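Peer 1: Quick one: the structure is below, questions incoming.
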Amino acid sequence: MSEGLRERKKRETRERISDIATGLFMTRGFDSVTVAEVARAADVSVNTVFNYFGTKEDLLFDRRQEVEDLPSRVVRERGPGESALEALRRDFLDALDTRHHRYGFHEGSDAFTRMIAESPSLNARIREMNEAREQVLARTLADEADADPDDLTPVFAAAQICAVLRGLTVHAVQRMLAGESLDDIAPDLRRQAERAFELLESGIGDYCVRSPSVPH
């Protein structure tokens, strides 16, 4: 169904408010900008802002649903004969190679992350989004595998996959915050990602086995 005029205008208004808010947050810091200031800059009322966004944090995370649903969508759209893990590995490496924003590998992501790190409320929201992403993925895996309701395998798999995705993204952003470029980071990050997905595929049972004591 095509988008009607009313729906298009509402979407454009929402996007404009979010874009203006994000610009103010990036310039001055999230906690230093009020919703009233965002409303004035967007030439709308405060009530209008809250009609589109439930909280101030939602102004920044206006694509929260898309972010939380990403791994799930990749699994649902995987190709014939492709496992969930293979699909997520492919998608992650593609985002890294193309510098696509969906996993945080794009210019400016370091500034965005720095702003989040300086705000307790944004940190809390990120944790909520990570938890929701894992829960959504677990439900999708259960549906796709037709798992029994008492089978915790989808929960275990989602937790491990999301931990890998989160760990790789955090590692990349930390290096960007330290001043490294994406081009410098990408080759090593790809190797780290290959290793991480290999561990997921083969299991970690033989990882970090203590060596027998060698007599002196």
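Peer 1: Looking only at the stretch 77-112, count every residue that is open to solvent by less than 30 Å² (accessible area, probe 1.4 Å) and of a type in the set (K, R) and tell me the total.
Peer 2: Count: 0.
Peer 1: Related question: Check V38, V67, V74 and return the single one that is surrounded by 13 or more Cβ atoms within 10 Å (Cβ to Cβ) and over 22 Å from the mean Cα position of the chain (by Cα). I'd like the intermediate steps shown before the answer.
Peer 2: Working: V67 fails: over 22 Å from the mean Cα position of the chain (by Cα); V74 fails: over 22 Å from the mean Cα position of the chain (by Cα).
On inspection, the qualifying residue turns out to be V38.
Peer 1: Moving to a separate point now. Over 30 Å from E201 (Cβ atoms), open to solvent by 30 Å² or more (accessible area, probe 1.4 Å), without any contact (Cβ under 8 Å) to a residue 40 or more places away in the chain and in contact with a helix residue (DSSP H, G or I) (Cβ under 8 Å, 6 or more places away or on another chain): does that describe A21?
Peer 2: Numbers: over 30 Å from E201 (Cβ atoms): yes; open to solvent by 30 Å² or more (accessible area, probe 1.4 Å): no; without any contact (Cβ under 8 Å) to a residue 40 or more places away in the chain: yes; in contact with a helix residue (DSSP H, G or I) (Cβ under 8 Å, 6 or more places away or on another chain): yes.
Answer is no for this residue.
Peer 1: Further question on the same structure: Quick one: in the stretch 127-153, which of the residues that are open to solvent by 50 Å² or more (accessible area, probe 1.4 Å) and among the hydrophobic types (A, V, I, L, M, F, W, C) is modelled with the lowest pLDDT?
Peer 2: Per the stated criteria, the residue is A145.
Peer 1: Let me ask something additional. Filter the stretch 78-101 for residues that are more than 20 Å from V155 (Cα to Cα), part of a helix (DSSP H, G or I) and modelled with pLDDT of 90 or more and give the result.
Peer 2: R90, D91, F92, L93, D94, A95, L96, D97, T98
Peer 1: I've got another one for you. Does E12 count as in a helix (DSSP H, G or I) and exposed (fewer than 13 other Cβ atoms within 10 Å of the Cβ)?
Peer 2: Working: in a helix (DSSP H, G or I): yes; exposed (fewer than 13 other Cβ atoms within 10 Å of the Cβ): yes.
So E12 fits the description; yes.
The values are calculated or read from the model by the stated rules, or taken from the named source; none is laboratory data. Just so you know, these numbers come straight off a predicted model, no measurement behind them. A quick note on method: Cβ atoms are made from the backbone with ideal geometry, for glycine too, and the neighbour counts reach across all protein chains shown. Heavy atoms of the whole protein, side chains included, go into the accessibility calculation; ligands, DNA and RNA do not. Shrake-Rupley method; radii C 1.70, N 1.55, O 1.52, S 1.80 Å.
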